[in-house]
Amino acid sequence: MEPCKTTLGLALPTDPRWADIAEKNIEDILVDHAYCEQKAASSCIALIVRFPEKKKLVEVLMPVVAEEWSHFERVIAHLNKRGYSLGKQRKDEYVARLGSICRKGGRREDQLVEKLLMNALIEARSCERFRTLWKNIEDKDLSGFYYELMISEAGHYRNFIELAKEYAEPEKVEARWKEMLREEAKIMKELTPRADRMH
């Protein structure tokens, strides 16, 4: 069974036509993708630094940091191969909007679970977008690359969900996850599709 197709629970799928738009603007997409990978690695590092006493979290996320940074390097390699440069980082409205739905305050563990579920949402949407690119773009080199990353992001998504259930009751995590999926769908519906953004 393909990851991202049936296991993520995303309430609003990406329109396959987005892949055609993305392929026509592949330099912008690759630049944005590179920064997404950099931010994914940084987000995991931030969690480790903020919650160093959570041994399971540190153990699970250290390899994710390395893998996300490896993805960053590989995206840079694809840019270089095509004669493109990294360019400037763009504002990530999707992630900013996700941050606004996270609950603030509460216990330390509550804050951790919110951050883990937000990361799970980003990984789930990234996985789904990578699947869309793998399935629909004509560039075989990039198609194969995005297939690999689709598999990887599905694993990261599971890591974050399982960690959330490590630090909160699984039933509460599932209920909160469903709420966040509904909110994420609203965000996706409200955002104007951008040809130069991965999300």
* To do: Answer yes if at least one residue in segment 104-125 is over 16 Å from Glu37 (Cβ atoms) and β-branched (Val, Ile, Thr), and no otherwise.
  => yes
* **Residue within segment 189-199 that is in a helix (DSSP H, G or I) and touching a Phe, Trp or Tyr at 6+ places or on another chain (Cβ under 9 Å) present** => no
* Asked: Which of the residues belonging to segment 21-55 are exposed (fewer than 14 other Cβ atoms within 10 Å of the Cβ) and either modelled with pLDDT under 95 or touching a strand residue (DSSP E or B) at 6+ places or on another chain (Cβ under 9 Å) (or both)?
  -> Lys24
* Filter segment 76-114 for residues that are under 17 Å from Ala164 (Cα atoms) and of a type in the set (Asp, Glu) and give the result. => Glu109, Asp110, Glu114
* To do: Run Leu8 past the list (1) surrounded by fewer than 14 Cβ atoms within 10 Å (Cβ to Cβ); (2) modelled with pLDDT under 90 and report the number of the one that doesn't hold.
  => (1)
* Asked: Based on what the data block shows, is Glu53 assigned to a loop (DSSP other than H, G, I, E, B) and more than 18 Å from Cys127 (Cα to Cα)?
  -> yes
* What is the number of the single condition among (1) at pLDDT 95 or above; (2) closer than 16 Å to Ala41 by Cα that Gly155 does not meet? -> (1)
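Being β-branched (Val, Ile, Thr) and surrounded by 17 or more Cβ atoms within 10 Å (Cβ to Cβ) is the filter; apply it to segment 163-193 and report the residue that is nearest to Met62 (Cα to Cα). Outline the logic, then answer.
If we filter segment 163-193 for residues that are β-branched (Val, Ile, Thr), which is where we start, we get 173, 187, 192.
If we keep only those that are surrounded by 17 or more Cβ atoms within 10 Å (Cβ to Cβ) as well, we get 173, 187.
Values: Val173: 23, Ile187: 30 Å.
Ranking the candidates gives Val173 first.
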* Number of positions in segment 75-98 that are in contact (Cβ under 8 Å) with a residue 60 or more places away in the chain and either in contact with a Pro (Cβ under 7 Å, 6 or more places away or on another chain) or of a type in the set (Val, Ile, Thr) (or both) -> 1
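The values are calculated or read from the model by the stated rules, or taken from the named source; none is laboratory data. Note that the coordinates shown come from a computational prediction; the quantities given were computed from them, not determined experimentally. Counting neighbours? That spans all protein chains shown, and the Cβs are built from the backbone with ideal geometry, glycine included.
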